[in-house]
1. For the structure I just gave you, tell me whether Ser48 is surrounded by fewer than 16 Cβ atoms within 10 Å (Cβ to Cβ), without any contact (Cβ under 8 Å) to a residue 40 or more places away in the chain and closer than 21 Å to Ala150 by Cβ.
2. Could you please find all residues in the stretch 54-79 being of a type in the set (S, T, N, Q) and either outside any helix (DSSP H, G or I) or in contact with a Cys (Cβ under 7 Å, 6 or more places away or on another chain) (or both)?
3. So the check is Cβ under 9 Å with 6+ separation or different chains; which pairs have a first residue in the stretch 225-240 that's under 30 Å from Leu195 (Cα atoms) and a second one that's of a type in the set (Phe, Trp, Tyr) and not in a strand (DSSP E or B)?
4. Consider Leu195 carefully, then state whether it is free of Cβ contacts under 8 Å to residues at least 40 places away in the same chain and surrounded by fewer than 20 Cβ atoms within 10 Å (Cβ to Cβ).
5. Kindly check whether there is at least one residue in the stretch 157-175 that is assigned to a helix (DSSP H, G or I), in contact (Cβ under 8 Å) with a residue 60 or more places away in the chain and out of contact with any Gly (no Cβ under 9 Å at 6 or more places or on another chain).
6. Looking only at the stretch 131-147, count how many residues are farther than 15 Å from Leu80 by Cβ, open to solvent by 60 Å² or more (accessible area, probe 1.4 Å) and without any contact (Cβ under 8 Å) to a residue 60 or more places away in the chain.
7. Is it the case, given these coordinates, that Ile188 is open to solvent by less than 90 Å² (accessible area, probe 1.4 Å), more than 30 Å from His66 (Cα to Cα) and touching a strand residue (DSSP E or B) at 6+ places or on another chain (Cβ under 7 Å)?
8. Taking only the stretch 259-278 into account, find how many residues are surrounded by 14 or more Cβ atoms within 10 Å (Cβ to Cβ) and either under 20 Å from Ile181 (Cβ atoms) or among the polar types (S, T, N, Q) (or both).
Amino acid sequence: MQIVDAVKNAQQKLVKSDSARLDAEVLLCSVLKCERTHLYTYPEQSLSSKEIRSFDELVALRAQGHPIAHLIQKKEFWSLELKVTTDTLIPRPETEILVQAALNCIPNETPCSILELGTGTGAISIAIASDRQLANITATDIKHSALQVAQLNAESHHLNNITFVKANWFDIKNIDTYDLIVSNPPYISNDDPHLVQGDVRFEPESALVSGKEGLDDLHIIITGAKKHLNTNGWLLLEHGFQQGKAIRQLLEENNFSTISTLKDYSNLDRVSIGQWLS
């Protein structure tokens, strides 16, 4: 079988995907360990029986709905390639808004102490560390398996300004105070219908669900952060598009100042920010 035929056959099996051809090409590139341009340059290249079997297995899993990122075990975020496993949330483009907001609060020329809560793949801390080399970052996660992935990702990008710690939110031994706390915590309600749709079906529920209204963990972080922020420090949180008003109210109730909410690429509330002045 040639490359052109393999892609065509896979497309026919991926009819439920909105991006069947792209999915097929990405999966085949994963098997062949090549770039997509190779598929266009050498469409008549013959595949070995082993390559065909591997490709067919991936296509079958994709047809069942398994995320591309899990199948190829990587995802690009902030122009950085990250290892992804079923133990971690797949980094989303919207989270880059949270990273950019954090970078706007972090000086480029002077040291800054940062705490990331619930790091998962390490995407947020790694993106910040790559752009702010003087930042000293502590990144936590409750899952040891997630921390292993995050550590591998940091090492693959030769970053040595992140310390990874196993912890449940602020339950950190010898916890410090920080100039900035950032988090993309679970914020989906436990009865949200999206939990049985799309990629999230295959992602860890612990990284997605947070109580009846999806606000349980956000409440813990907002009420706890003020004890661990330096004067003029910042708290930045990603949240659901319908939660902006509730998050701003929580920040106000907990005496944060300079409160604002940023929109995502669909013009929906996605990231809220507060400053601790006391």
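1. Details: surrounded by fewer than 16 Cβ atoms within 10 Å (Cβ to Cβ): yes; without any contact (Cβ under 8 Å) to a residue 40 or more places away in the chain: yes; closer than 21 Å to Ala150 by Cβ: no.
Criteria not met by Ser48.
2. Step one: filter the stretch 54-79 for residues of a type in the set (S, T, N, Q), giving 54, 64, 73, 79.
Selection gives Gln64, Gln73, Ser79.
3. As it stands, the answer is Ala225/Phe170; Ala225/Phe256; Leu235/Phe256; Leu237/Tyr187; Glu238/Tyr187; His239/Tyr187; Gly240/Tyr187, since those pairs meet every condition given.
4. Values: free of Cβ contacts under 8 Å to residues at least 40 places away in the same chain: yes; surrounded by fewer than 20 Cβ atoms within 10 Å (Cβ to Cβ): yes.
Here the answer is yes, as Leu195 does meet what is asked.
5. Here is the first cut: in the stretch 157-175, the residues assigned to a helix (DSSP H, G or I) are none.
So far as the stretch 157-175 goes, no, none of its residues is assigned to a helix (DSSP H, G or I), in contact (Cβ under 8 Å) with a residue 60 or more places away in the chain and out of contact with any Gly (no Cβ under 9 Å at 6 or more places or on another chain).
6. Result for the stretch 131-147: 3.
7. On the way: open to solvent by less than 90 Å² (accessible area, probe 1.4 Å): yes; more than 30 Å from His66 (Cα to Cα): no; touching a strand residue (DSSP E or B) at 6+ places or on another chain (Cβ under 7 Å): yes.
No.
8. 11
The values are calculated or read from the model by the stated rules, or taken from the named source; none is laboratory data. Since the model is a prediction, treat every value here as computed from it, not as a measurement. A quick note on method: Cβ atoms are made from the backbone with ideal geometry, for glycine too, and the neighbour counts reach across all protein chains shown. When the accessible area is computed, the model is the full protein with side chains, heavy atoms only, and any ligands, DNA or RNA have been set aside. Shrake-Rupley method; radii C 1.70, N 1.55, O 1.52, S 1.80 Å.
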